[in-house]
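Have a look at the structure below, then the notes.
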Amino acid sequence: KSNPSLAALTLLNDPAFVEAARSLAEILVRENGSNIERVERAFRRATSRAPTAAETAELLDVYNESARYYGAHPEAARKTLATGDSPIDQKLPPVEWAAWTNVARTILNLAETTTRS
């Protein structure tokens with residue numbers, strides 16, 4: 001039997017999963033386009049489908065709340081980006097990158113993007 005709550009916490013906080021989300025977020029930060037387009041691209045990459053309007057709105061809320069938080073706590077943004085072994089591109093804005101990392105973590109934690117037993 002699995003423990004869904006424990007699995008969800010692992011997916012959100014395990015360094016490998018945070019680093020995977022950070023890598024997806026790095027792609028989003030480097031690409032041009034609106035935040036809606038970024039949400040749609042990230043969602044499609046992870047699920048192979050377009051997000052619904054409600055999913056898009058929710059993920060935009062995650063981005064906006066995260067950007068506000070990291071804007072007020074830039075050290076927390078740097079800590080989020082330091083998770084994992086891949087190098088950090090110092091040219092990318094850490095607040096934006098960390099906020100998109102939270103969006104990517106949310107997407108990668110969806111039931112349709114994970115395998116649960």
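Computed on the Cα atoms alone, the convex hull of the stretch 59-108 gives a volume of 66 cubic angstrom per residue. Once all protein chains are placed together, Glu75 keeps about 120 Å² accessible to a 1.4 angstrom probe. Ordering Lys79, Lys91 by accessible surface, largest first, gives Lys91, Lys79; the 1.4 Å probe counts only protein heavy atoms, with every chain in place.
Size of the chain: Rg and Dmax of its alpha carbons, in Å, are 13.8, 45. Of the whole protein surface, Thr106 contributes about 50 Å² of accessible area at a 1.4 Å probe radius.
The heavy atoms of Arg44 offer some 130 square angstrom of accessible surface to a 1.4 angstrom probe.
To the nearest 500 deg cm²/dmol, what mean residue ellipticity at 222 nm is calculated for the chain from DSSP H runs of n ≥ 4 alone, each contributing -39,500 (n - 2.57), summed and divided by the residues? Mind showing how you got there, number by number?
Details: 6 runs with 82 residues, N = 117.
So the calculated ellipticity at 222 nm is -22500 deg cm²/dmol.
Compared with the alpha-carbon gap, the fully stretched path from Arg68 to Thr114 is longer by 13.7 nm at 0.36 nm per residue.
Around Asp61, under 12 Å between beta carbons, what's the net of Lys plus Arg minus Asp minus Glu among the other residues? Please list the in-between numbers first.
Details: positive: Arg68; negative: Glu55, Glu58, Glu65.
After counting each charged neighbour, the total is -2.
The values are calculated or read from the model by the stated rules, or taken from the named source; none is laboratory data. From a predicted model like this one, the values you see are computed outputs, not experimental measurements. Ideal geometry is used to build each Cβ from the backbone, glycine not excepted, and the neighbour counts take in all protein chains shown. When the accessible area is computed, the model is the full protein with side chains, heavy atoms only, and any ligands, DNA or RNA have been set aside. Shrake-Rupley method; radii C 1.70, N 1.55, O 1.52, S 1.80 Å.
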